[in-house]
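**Q** For reference, the structure I am asking about is given below.
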Amino acid sequence: MHTGLSINTDRPDKKLPYDGLWLWLGPEMLHLMVLPNPDPLSGRPDHGGQDRHVCVGVTSIQPVEQRLMSSDIAYTKSKSGRAAVFFRDPDMNVLEVFETQAWR
């Protein structure tokens with residue numbers, strides 16, 4: 001498959017239980033995951049990082065975690081050790097929020 005986007009070869013492919021690519025999209029990345037069934041009706045992974053998801057960066061993850069806890073929204077932390085959380089919206093879509101430096 002050729003998308004015209006550069007592959008980020010520094011991503012930890014060996015740490016993940018599925019195939020995929022991280023593609024550079026300007027200064028951001030697009031992560032394509034190869035899953036046996038990308039939209040199962042049941043049996044979704046407990047950890048959102050193992051399901052398809054959208055990712056956004058923030059300069060501090062702590063306020064996000066505090067808001068999730070105070071709103072009684074279940075979340076999991078990144079299994080890679082990064083400062084990141086994963087949670088689901090009411091339609092079971094996953095959102096990842098990770099801590100990074102401001103770039104704009």
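The values are calculated or read from the model by the stated rules, or taken from the named source; none is laboratory data. Because the structure is a prediction, the values reported are computed rather than measured. Ideal geometry is used to build each Cβ from the backbone, glycine not excepted, and the neighbour counts take in all protein chains shown. For the accessible areas, the whole protein counts, side chains as well, though only heavy atoms, and no ligand, DNA or RNA atoms are used. Shrake-Rupley method; radii C 1.70, N 1.55, O 1.52, S 1.80 Å.
**Q** State whether the residues of the range 36-52 include one that is more than 14 Å from LEU95 (Cβ to Cβ) and at pLDDT 80 or above.
**A** Looking through the range 36-52, none of the residues is more than 14 Å from LEU95 (Cβ to Cβ) and at pLDDT 80 or above.
**Q** Specify which of the listed residues (PHE98, PHE87) is in contact with a Phe, Trp or Tyr (Cβ under 7 Å, 6 or more places away or on another chain), at pLDDT 75 or above and surrounded by 12 or more Cβ atoms within 10 Å (Cβ to Cβ).
**A** Working: PHE98 fails: in contact with a Phe, Trp or Tyr (Cβ under 7 Å, 6 or more places away or on another chain).
Selected residue: PHE87, the only one of PHE98, PHE87 that is in contact with a Phe, Trp or Tyr (Cβ under 7 Å, 6 or more places away or on another chain), at pLDDT 75 or above and surrounded by 12 or more Cβ atoms within 10 Å (Cβ to Cβ).
**Q** Picking from MET92, MET69, MET33, which residue would you name as being of a type outside the set (Asp, Glu), modelled with pLDDT under 80 and either in contact with a Phe, Trp or Tyr (Cβ under 9 Å, 6 or more places away or on another chain) or outside any loop (DSSP other than H, G, I, E, B) (or both)?
**A** Values: MET92 fails: either in contact with a Phe, Trp or Tyr (Cβ under 9 Å, 6 or more places away or on another chain) or outside any loop (DSSP other than H, G, I, E, B) (or both); MET69 fails: modelled with pLDDT under 80.
On inspection, the qualifying residue turns out to be MET33.
**Q** Still on this structure, please answer the following. Please identify the pairs in which a residue from the range 25-36 that is closer than 16 Å to THR100 by Cα has its Cβ atom under 9 Å from the Cβ atom of a residue that is surrounded by 10 or more Cβ atoms within 10 Å (Cβ to Cβ) and among the charged types (D, E, K, R), counting only partners at least 6 apart or on another chain.
**A** Hits for this filter: MET29/ARG11.
**Q** Taking the range 49-66 on its own, how many of its residues are under 15 Å from the mean Cα position of the chain (by Cα) and part of a loop (DSSP other than H, G, I, E, B)?
**A** 3
**Q** Something else about it: Select from the range 72-89 the residues that are within 10 Å of the chain's Cα centre (by Cα) and part of a strand (DSSP E or B) and list them in ascending order. I'd like the intermediate steps shown before the answer.
**A** Step one: of the range 72-89, the residues within 10 Å of the chain's Cα centre (by Cα) are 78, 84-87.
Listed by number, the residues that qualify are ALA84, VAL85, PHE86, PHE87.
**Q** Something else: Exactly one condition in (1) open to solvent by less than 70 Å² (accessible area, probe 1.4 Å); (2) among the polar types (S, T, N, Q); (3) within 22 Å of GLY20 (Cβ to Cβ) is not met by GLN50; state its number.
**A** Condition not satisfied by GLN50: (1).
**Q** Here is a follow-up. Taking the range 79-102 as the region of interest, how many residues are of a type in the set (Asp, Glu) and either touching a residue at least 60 places away in the same chain (Cβ under 8 Å) or within 22 Å of PRO17 (Cβ to Cβ) (or both)?
**A** 1
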